[in-house]
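A short write-up of the structure that comes next.
The values are calculated or read from the model by the stated rules, or taken from the named source; none is laboratory data. Here the structure is a predicted model, which is why all the values come from computation and not from measurement. Cβ placement follows ideal geometry from the backbone for every residue including glycine, while neighbour counts extend to all protein chains displayed. Surface accessibility is based on the protein's heavy atoms, side chains included, excluding ligands, DNA and RNA. Shrake-Rupley method; radii C 1.70, N 1.55, O 1.52, S 1.80 Å.
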Amino acid sequence: MSTQVEIVNLALTRLAVRHITTIDDASEPARQAKLVWGMIRQSVLRDHPWGFASKSVKLTAAEGVTVPGWSYVYLYPSDCLKVTSLYSEADTTSAQNYKKMAISGAEGADDYIILACNVEGATIDYIADIDTPALFDSMFVDAFACRLAAELAKPLMGDNAKRQAMLQEYMLALDGAKIDDAKESKPINNTAAENPYWNVR
C-alpha cells in the first residue's frame, strides 16, 4: 500500500529533488505537489481502464429531463471520470451510443451532468475517481509518479527537457500496464464445460 507522501517522493526521486515529510510542509516541492495532485491523479485514471478503479452501475433515471433525439436520460454518477461502455440489462455485450451533457438545475440549484441514450434500464462500466492511495495498484503508482514528476519538473527545476523525459517514461508505464492487463485477460468461455478440448488426452 502506498501513501500520498510516498508517491510524491517517488516523483521527486525521479527529479533528484529533496523529499518531503508531509504534503502540508512549507517546502516548495510539497506546495507544488499538493497543487497538482488531484488534477494529475484524475488524468492518469482517465488514461487507462485501471482494474482497481473500474466500476459498473445501473443508472438512475433523471426524472423530468428530456434530450431531443434520445429516448432515455440518466444521472451521471458523481464519482465517474470516464464511461468505458454503456449497455442494457438484456444485452451486456453490445456497447451503445450515448451523449454526456450538463443540465441547468432548478432555480438556486447547481447544474448537473446527465447521460442521454436509447437504452432502457442502462448500465455503465466506468473509471471511478479513486482518491485513496492505499487502493492504488503498483503499476498505477509507477505511472502516476512519472506523470507527477513531469508536471513538477518545470516549476521545481525549470527543466523542460526533464519534463519531456518524464512524459516519455509515463507513456512507457502505460504501455506496461496494457501488457499486464492483456496477460491477465481470459476468454469468458475458457472453462472445462465449454471448451471441447479441455479433457482431451
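See the values below:
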read-out: Residue in the stretch 112-125 that is open to solvent by less than 50 Å² (accessible area, probe 1.4 Å), modelled with pLDDT of 85 or more, within 21 Å of L45 (Cβ to Cβ) and in contact with a helix residue (DSSP H, G or I) (Cβ under 6 Å, 6 or more places away or on another chain) present; value: no
read-out: So T93, is it of a type in the set (S, T, Y), assigned to a loop (DSSP other than H, G, I, E, B) and open to solvent by 20 Å² or more (accessible area, probe 1.4 Å); value: yes
read-out: Q32 being assigned to a helix (DSSP H, G or I) and over 26 Å from I179 (Cα atoms); value: yes
read-out: Some residue of the stretch 13-21 being of a type in the set (K, R), surrounded by fewer than 16 Cβ atoms within 10 Å (Cβ to Cβ), without any contact (Cβ under 8 Å) to a residue 40 or more places away in the chain and outside any helix (DSSP H, G or I); value: yes
read-out: The stretch 25-60, residues that are aliphatic (A, V, I, L, M) and either surrounded by 16 or more Cβ atoms within 10 Å (Cβ to Cβ) or under 16 Å from S2 (Cβ atoms) (or both); value: A30, A33, I40, V44, L45, A53, L59
read-out: The listed residue being without any contact (Cβ under 8 Å) to a residue 24 or more places away in the chain and closer than 22 Å to L45 by Cα, out of T60, T132, T66; value: T132
read-out: Condition check for T84: under 30 Å from G121 (Cβ atoms), free of Cβ contacts under 8 Å to residues at least 12 places away in the same chain and of a type in the set (V, I, T); value: no
read-out: Selection status of E63, over 19 Å from V8 (Cβ atoms), among the acidic types (D, E) and open to solvent by 50 Å² or more (accessible area, probe 1.4 Å); value: yes
read-out: Where S88 falls short, out of the listed (1) open to solvent by 70 Å² or more (accessible area, probe 1.4 Å); (2) touching a Ser or Thr at 6+ places or on another chain (Cβ under 9 Å); value: (1)
read-out: Among (1) open to solvent by less than 80 Å² (accessible area, probe 1.4 Å); (2) of a type in the set (A, V, I, L, M); (3) within 18 Å of the chain's Cα centre (by Cα), the one test that A150 misses; value: (3)
read-out: Residue in the stretch 48-88 that is nearest to L148 (Cα to Cα), counting only those that are in contact with a Leu (Cβ under 6 Å, 6 or more places away or on another chain) and not in a strand (DSSP E or B); value: H48
